[in-house]
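Please treat every number below as a calculation from the coordinates, not as lab data. Only a predicted model underlies this, so the values are computations on that prediction, with no experimental measurement involved. All Cβ positions, even for glycine, are placed from backbone atoms using ideal geometry, and neighbour counts span all protein chains on display.
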Amino acid sequence: MLNLEKANGAIYAEYLYGDKVVGTASMEIYEDDDNDVRIERFDIADAFQGQGHGTRFIHELVSALREEGYDGNIFAAAENEKSARFWSKVGSETTEDPYSYTDIGFGVYMV
């Protein structure tokens with residue numbers, strides 16, 4: 001189950017498995033002509049990693065964002081090799097970087 005909350009130009013999400021919050025995300029929204037979203041943080045609790053929760057969470061999150069009207073690009077920057085593997089599995093690496101992501105060497109991905 002996914003809970004979304006909008007506040008101060010951002011979107012916050014919680015991903016629940018049963019009654020436990022196993023994942024959280026925060027996103028910056030760009031309500032311009034493109035209606036893009038940039039994922040700032042995307043975390044799965046250590047005890048729930050490697051079990052498909054991250055993949056389910058991102059798919060539900062993208063669906064929820066589309067339902068909310070965010071039909072532009074959804075970007076995320078990998079912070080390390082592990083997150084680069086995750087983002088490459090659920091998205092595609094891009095050289096397009098309209099909001100000046102700080103690529104620290106692990107790539108920027110479009111989900």
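Testing the spin-label approximation: label points 7 Å from Cα along Cα→Cβ at residue 45 and residue 28. State their distance in nm.
With each label point 7 Å from Cα toward Cβ, the separation is 2.9 nm.
Using the Cβ atoms and a cut-off under 14 Å, what net charge is assigned to the surroundings of residue 82, where Lys and Arg are +1 and Asp and Glu are -1? Kindly include the intermediate steps, with their values, before the conclusion.
Values: positive: 85, 89; negative: 43, 46, 79, 81.
Neighbour charge sum, excluding residue 82 itself: -2.
Treat the count of other C-beta atoms within 10 Å as a stand-in for reagent exposure and order 37, 21 from fewest to most. If you can, show how the numbers build up before the last one.
On the way: 37 25, 21 13.
Starting with the residue having the fewest Cβ neighbours, the order is 21, 37.
Which three semi-axes in whole Å describe the equivalent ellipsoid of the range 1-90, each the square root of 5 times a Cα gyration tensor eigenvalue, listed largest first?
Values: eigenvalues 90, 49, 24 Å².
Listed largest to smallest, the semi-axes of the range 1-90 are 21, 16, 11 Å.
Taking one equal scatterer on every alpha-carbon of the range 1-42, how large is log10 of I(q)/I(0) by Debye at q = 0.25 1/Å?
Rounded to two decimals, the profile gives -0.82.
Ordered by residue, what ³J(HN,Hα) values in Hz, to whole numbers, does the range 35-50 give under the Karplus form 6.51 cos²θ - 1.76 cosθ + 1.60, where θ = phi - 60° and Gly and Pro are x?
For the range 35-50, the Karplus-derived couplings read 6, 7, 10, 10, 7, 7, 9, 8, 10, 10, 4, 3, 5, 10, 6, x Hz, x marking Gly and Pro.
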